[in-house]
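Below: the structure, in structure tokens.
The values are calculated or read from the model by the stated rules, or taken from the named source; none is laboratory data. These numbers come from a predicted model, not from an experiment. Remember, those area values only see protein heavy atoms, side chains included, never the ligands or the DNA or RNA. Shrake-Rupley method; radii C 1.70, N 1.55, O 1.52, S 1.80 Å.
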Amino acid sequence: CAERNIPVIALLIPDFHDLSSDGAFSKIYQKIQTTFDKNEIPMVNTFSAIQNKFKENPREAWLANDDPHPNLAVHQIIGNELYEFFVKQNLY
């Protein structure tokens with residue numbers, strides 16, 4: 001991408017089983033962020049925004065009771081986070 005001048009961004013969507021700040025994945029998310037920062041690749045990290053809405057009950061973010069994929073409300077949060085990133089970076 002660098003050779004062809006193609007912009008790259010990464011999108012981090014957390015696991016919806018545990019949205020706590022000290023959960024099993026929080027250190028992994030930080031390591032991912034650090035790695036992308038070190039490689040100068042911008043990353044939209046949606047963890048905080050999703051956590052703010054669903055921290056008390058992560059299952060409310062699930063598509064169905066037996067399907068932990070993101071539901072419509074989560075997709076709206078992801079879309080808003082991406083939009084804010086694109087506007088801030090003048091990428092629209």
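Per residue, the accessible area of the chain comes to 73 Å², computed with a 1.4 Å probe over protein heavy atoms only.
When a 1.4 Å probe is rolled over the protein heavy atoms, the share of accessible surface on the chain that falls to carbon and sulfur comes to 51 percent. Residue-wise HN-Hα couplings along region 7-24, as the Karplus relation 6.51 cos²θ - 1.76 cosθ + 1.60 with θ = phi - 60° gives them from phi, are x, 10, 9, 10, 10, 9, 10, x, 6, 8, 7, 9, 10, 7, 5, 10, x, 4 Hz; Gly and Pro carry x. Mean separation of Cα pairs under 8 Å and 6+ residues apart, divided by the residue count of the chain: what relative contact order is that in percent? The normalised contact order for the chain reaches 27 percent.
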